[in-house]
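Heads up: the structure comes next, in structure tokens.
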Amino acid sequence: MTDDLIARLSADLKPIAPRALERRLWLALVIGLAITTLAAWLVLDRMLCRPFGGAFGGPMFWVKFGYTLAFGLFGLAAAPVLARPDGRIVWPLLVAGLLVLLALVLGTVDWMRADWAMPALMGDTAMVCPWLITLTGLPILGVLLSAMRGLAPRSPALAGFAAGLVAGGFGALAYAFYCGETGMMFMAVWYTLGMAMTALLGAIIGSVMLRW
């Protein structure tokens, strides 16, 4: 009786291609990046009065490029695992935390060398930078969470947090092409805050949207 029931339930099952989940999330990221790039061009180009690539080329641009890309990749490493019912992964979040600490230490040293001058911390855009990073990352977050619907994450909030980390990292990366701030402490505080806000937003939305 039990064997017959199992056989009937499994009769219509179709095999899933290997790495299907990863490909699904990568496709969502590509679509989200395309939307984010267009939205950033439409919004940031006008708000910051700086064309796309206007901040390109200086040493600090490459620091911001590497810093934000790292967080996007950490989130991308965690998201496919945390989207599964048995998903457990810690190292991307731990390494992301260590990277934040390193940035804060280097930023504090740089700020100290500037005699604790407030412009080194605040720049000209501190009050809008985190919000614009979150805004820039929203398309990526929305597409990723939509792609993760129908999955069965062990913790919807953690899966949403990972999606938010991807969105925050790549959103901040897109924002860096328009941002003319050159202070290490500025990046360590305000870029990190913007990415953290996006990740937290992902956790809040994911806890509802990804519930099963």
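Rule-based calculations on the coordinates, nothing more; no lab input. On a predicted model such as this, the values are computed, not experimentally measured, just so you know. Cβ: placed from backbone, ideal geometry, glycine included. Neighbour counts: every protein chain shown.
I want to verify a result. In a Gaussian network model of the chain, Cα cutoff 10 Å, which of these has the top mean-square fluctuation: Pro92, Pro153, Pro119? Per the Cα network of the chain with a 10 Å cutoff, Pro119 tops the list. How many percent of the alpha carbon pairs in segment 44-169 exceed a separation of 17 Å? Looking at segment 44-169, the distances longer than 17 Å represent 66 percent of pairs. Loop-located trypsin sites (Lys or Arg not before Pro) in segment 135-212 (DSSP state other than H, G, I, E, B) with a sparse environment of at most 13 neighbouring Cβ atoms within 10 Å: Arg149, Arg211.
Hydrophobic, long helices, defined as DSSP H runs whose alpha-carbon span along the helix axis is 30 Å or greater and whose mean Kyte-Doolittle value is at least -1.0, occur in the chain at 20-47, 59-82, 91-113.
Taking a quarter of the surface of the convex hull around the Cα atoms of segment 96-139, what do you get in nm²?
Working: hull surface 15.2 nm².
For the Cα atoms of segment 96-139, the hull's average projected area reads 3.8 nm².
P(r) for the chain, from all Cα pairs and a bin width of 10 Å, is 9, 32, 30, 17, 7, 3, 2, 0 %, short bins first.
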